[in-house]
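The values are calculated or read from the model by the stated rules, or taken from the named source; none is laboratory data. Bear in mind the structure is a predicted one, so any value in this text is a computation, not a measurement. Each accessible area value is taken on the protein alone, full model and side chains, heavy atoms only, with ligands, DNA and RNA left out. Shrake-Rupley method; radii C 1.70, N 1.55, O 1.52, S 1.80 Å.
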Amino acid sequence: MSATVRQRDFEEYARAGRQRLYRTAYLLCGDREHARDLVQSTLARLFQHWHRASRAEHLDAYARTVLTRLFLHERRRRLRDLLAHARPDPAPAEPRPELRVTLMAALGQLPPRARTMVVLRYWEDLSVSEVAAQLRCSESTVKSQCSRSLTRLRAVLGEAHVYTAEY
């Protein structure tokens, strides 16, 4: 396969898959600009390794794996940088009640890895084994993290589910 054909194949995939990747990226990071950056980085990584990626049985799953690993790597790096240069934090501010009702605010309170598991498991509708394979962890870790995360989300959202259940 010539380089031109490979490039054309990649461009077709990038055009078709960009919106799906953006949606997942936005749910992971909660910021439009950061989500766009994550998608760009993911597509750059896919292009760099297109000879391997294009042979994947499920290209979307491959791309989503690249996206989630980039997100987690970036979060770990950012946390290391913050810890290296941070002073002790003051007491956290009280959460604003109006933000507690939104899912994005609630997701933002989860640690990056737990948030990733919840998004992949319940938004992307992946099985426990698929999430475990993508994040290179055991299925029991996915189950326990998702269970704890859902409990935390319910606590953060409070009575919001009562109002949505009436419709």
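At a probe size of 1.4 Å, how large is the accessible area of His73, to the nearest 10 Å²?
90
Considering only protein heavy atoms, what per residue accessible area in square angstrom results for the stretch 14-72 with a 1.4 angstrom probe?
I get 55 Å² per residue for the stretch 14-72.
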